[in-house]
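Here the structure is laid out as structure tokens; the discussion comes afterwards.
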Amino acid sequence: APKDLSQIEGEWNGYLLENNGVVMTAVSKVMTNGLFGKTRRWNGKAFSAGGRGINRFLNKGNGSSDKEHSFDYTIEESKIHSGKPSVKLQYANYQSRFSLWKTMVDEVRVVPGNSNVLIGFGAMAWSGGMKNSAPFCLTQAHLSESRFRQQLIA
């Protein structure tokens, strides 16, 4: 986890990662882009000061970035790496009682040695929680995709 939440404030580009093979990767894309994004492609998150953030989606119609699905974020103990700190994103406060996303929780951590990259997992209690999470990567929005790939290789 970052030492301070201010380290992750700002815009982050998002990329879904392979999820245990072709089938689960396809399921993650349908859940994220088709349902969560309402047919818009998820393309990142924005973290505001004060521990609140929101997801970004690419609008197919005009290419703009829409923002929807707010979350609160704090540093807490990881559900994946017991005893280790992580940034926990909780959506419950911004969803209706019957929303599919009411139990959604994401967890992100800084890639060691590269504070421009966060690795995350998204999960919902009704689909198995963190034991059945979908992986994603966030890069600071000021990095181009080619610059991001260069940093990963380095």
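The values are calculated or read from the model by the stated rules, or taken from the named source; none is laboratory data. All values reported here derive from a predicted model rather than from experimental measurement. Cβ placement follows ideal geometry from the backbone for every residue including glycine, while neighbour counts extend to all protein chains displayed. In case anyone asks, the SASA skips ligands and DNA or RNA and just uses the protein heavy atoms, side chains included. Shrake-Rupley method; radii C 1.70, N 1.55, O 1.52, S 1.80 Å.
Listed by chain and number, the lysines whose C-alpha is less than 24 Å from the C-alpha of K38, apart from same-chain residues fewer than 8 away, are K29, K60, K67, K88, K102.
Phi-derived couplings, Karplus 6.51 cos²θ - 1.76 cosθ + 1.60 at θ = phi - 60°, listed residue by residue for region 133-141: 8, 10, x, 8, 10, 10, 10, 4, 4 Hz, with x used for Gly and Pro.
Once the Cβ-Cβ distance between A125 and N62 is put in as r, and R0 is 30 Å, what FRET efficiency do you end up with, to the nearest 0.05? Between A125 and N62 the formula returns 0.30.
Model label sites at K38 and E76, defined 7 Å from Cα along the beta-carbon direction, differ in position by 2.7 nm.
Per residue, the chain exposes an accessible area of 55 Å² to a 1.4 Å probe, with every protein chain left in place. Using the rule -39500 (n - 2.57) for each DSSP H run of four or more residues, divided by the residues of the chain, the 222 nm mean residue ellipticity is -3000 deg cm²/dmol. Per atom type, the chain shows carbon and sulfur on 55% of its accessible surface, probed at 1.4 Å.
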